[in-house]
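Novice: I am attaching a structure below and will ask some questions about it afterwards.
The values are calculated or read from the model by the stated rules, or taken from the named source; none is laboratory data. Just so you know, these numbers come straight off a predicted model, no measurement behind them. Counting neighbours? That spans all protein chains shown, and the Cβs are built from the backbone with ideal geometry, glycine included.
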Amino acid sequence: MTLTLNDVSSLLHLPILGQLCHLEEVDFEDSRCAIVELLGVDGGKASAELTAAHGVKVRLSWLRDIYAEHCEQQQWEYAARAYLLHLVGCSIFAHKTATSIRVSYLLLFRDVYTCGRYAWGVAALVYMYDQLGDASLASTRQMAGYLTLLQSWIYEHFPTLGKRRMVSSYMEDRPRAAKWESPRQGSTLLEVRVHLDALTYDLVIWYPYESHRESRPFYGVCMFSGWIRIGETLCRHLPERVLRQFGFQQSIPRDPPVVADADILVTDDVWLHYHDHVVRGVSVSRFPYDCVDGYLAWFRIISHPYIIPADDDRPSLAPRLRRDIPDEVPQRRRSASQSGLLVCLPTLFILYNFVVIVYIIMCHRYNARCCQDIW
């Protein structure tokens, strides 16, 4: 399981159709000029802010001040850019510090009247994929990205994980993420690991958005299989690996090497013609966790069914609804190159879910601090 375009569309109501976001790499002088031109401040003030922010970025608190000044002076385009940059800086493009945002993102709002042409939902998903890749490294101690997206995704798919409250006033015409509230007290890392290892098929809600379709329909682009990007950051979106999240029977997917190499120009062209690159030939599932014969045995060979080490106390292999599949499948030795491919694809395997769930539950306080900056 993993986050998909369908999740972003349903949880956040962000557009997933449109132009992919192109980010320009800017140096100090480029950033200063962009701030002067697009935010309407003088060069000295722009330089001072870049220095105070320690790089080609601006502080969210500074953006709030700029917004207030331009509103008072009725300079609405400058105010709109400051507002929009602040908004994405504390949501879909949140930095680890939760206090600043790169000036590169300001260039996306050069024309405030046409910035709606971008597929902001795709940009949010790529940014989250990239941050999850970093979070899977042992050296990483903190995570960036829109953690509300991750948190609500977990709440929708794993009703027994985490502590949450349903908002009594929620209506289905609102983004699905608005359905949940998080308590101040979270779960410990050990508790989360035990709960994950104890999961069974019937403890997962594979396709949670059926009641939400009237206000947010299922878009065909959600089945797009290929590369998506923001700037020069490219990630694979492979719905064929998580078909049960779309209400389809899960088949054994193609190997990672079959996916074409990443290229920005090719990626943009393929995205423009996404209709030619959607997953086809799928079967509607007979039951939520439906999969073809042999899939579970294949999955246990290439993945990690447990989080808790084998020498620790742990439950027997969690999925008990298919007793024709043995608890243990003999492990096949892999070459170093094959193993490297698997490590480079955290979104494809259950280790990805471990990173997602552990980090979102352990980062509640970070998420709350970030969201306090939204007006």
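Novice: Return the residue satisfying two criteria in turn: it lies in the stretch 33-58 and is part of a loop (DSSP other than H, G, I, E, B) and β-branched (Val, Ile, Thr), and of such residues it is nearest to the chain's Cα centre (by Cα).
Specialist: For the stretch 33-58, the residue satisfying everything is Val56.
Novice: So which residues in the stretch 290-319 are in contact with a Lys or Arg (Cβ under 6 Å, 6 or more places away or on another chain) and at pLDDT 85 or above, if there are any at all?
Specialist: The one that is in contact with a Lys or Arg (Cβ under 6 Å, 6 or more places away or on another chain) and at pLDDT 85 or above: Ile301.
Novice: Against the definition (surrounded by fewer than 19 Cβ atoms within 10 Å (Cβ to Cβ), more than 30 Å from Ser211 (Cα to Cα) and either in contact (Cβ under 8 Å) with a residue 40 or more places away in the chain or not assigned by TED's automatic domain parsing to the domain that holds Ser152 (or both)), how does Ala80 come out, yes or no?
Specialist: The answer is yes for Ala80.
Each row is one residue, and each column tells you yes or no for (1) under 20 Å from the mean Cα position of the chain (by Cα); (2) at pLDDT 90 or above.
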position	(1), (2)
Phe246	yes, yes
Arg254	no, no
Asp269	no, yes
Gly281	no, yes
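Novice: Turning to a different aspect of this structure: What is the residue count in the stretch 150-184 for residues that are β-branched (Val, Ile, Thr) and closer than 21 Å to Phe93 by Cα?
Specialist: To start, the set of residues in the stretch 150-184 that are β-branched (Val, Ile, Thr) comprises 154, 160, 167.
From the residues that got through so far, the ones that are closer than 21 Å to Phe93 by Cα too are 154.
The number of residues fulfilling the criteria is 1.
Rundown of residues vs (1) among the hydroxyl-bearing types (Ser, Thr, Tyr); (2) in contact with a strand residue (DSSP E or B) (Cβ under 9 Å, 6 or more places away or on another chain), yes/no style:
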site	(1), (2)
Asp202	no, no
Glu210	no, no
Met223	no, yes
Ile230	no, no
Thr233	yes, no
Arg236	no, yes
Arg241	no, yes
Arg244	no, yes
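Novice: Shifting gears a bit: Would you mind finding the one in Gln131, Gln185 that is closer than 24 Å to Trp227 by Cα and without any contact (Cβ under 8 Å) to a residue 24 or more places away in the chain?
Specialist: Gln131
Novice: Report, by residue number, each residue of the stretch 160-212 that is assigned to a loop (DSSP other than H, G, I, E, B), β-branched (Val, Ile, Thr) and buried (at least 18 other Cβ atoms within 10 Å of the Cβ).
Specialist: Selection gives Val204 alone.
A quick yes/no check of all residues on (1) part of a helix (DSSP H, G or I); (2) surrounded by 19 or more Cβ atoms within 10 Å (Cβ to Cβ); (3) aromatic (Phe, Trp, Tyr):
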residue: Glu214; (1), (2), (3): no, no, no
residue: Val221; (1), (2), (3): yes, yes, no
residue: Arg229; (1), (2), (3): no, yes, no
residue: Cys235; (1), (2), (3): no, yes, no
residue: Arg244; (1), (2), (3): yes, yes, no
residue: Arg254; (1), (2), (3): no, no, no
residue: Pro257; (1), (2), (3): yes, no, no
residue: Ala260; (1), (2), (3): no, no, no
residue: Asp268; (1), (2), (3): yes, no, no
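Novice: Output the number of residues of the stretch 279-298 satisfying the condition of being part of a helix (DSSP H, G or I) and touching a residue at least 40 places away in the same chain (Cβ under 8 Å).
Specialist: 2
Novice: I'm trying to understand the selection: among the residues of the stretch 140-169, which are without any contact (Cβ under 8 Å) to a residue 60 or more places away in the chain, closer than 19 Å to Tyr129 by Cα and of a type in the set (Val, Ile, Thr)?
Specialist: Passing the criteria: only Thr140.
Novice: When you go through (1) surrounded by fewer than 16 Cβ atoms within 10 Å (Cβ to Cβ); (2) part of a helix (DSSP H, G or I) one by one for Gly133, which number turns out not to apply?
Specialist: (1)
Novice: If you don't mind, another one. Of all residues in the stretch 105-130, which are surrounded by fewer than 20 Cβ atoms within 10 Å (Cβ to Cβ) and touching a Ser or Thr at 6+ places or on another chain (Cβ under 9 Å)?
Specialist: Asp130
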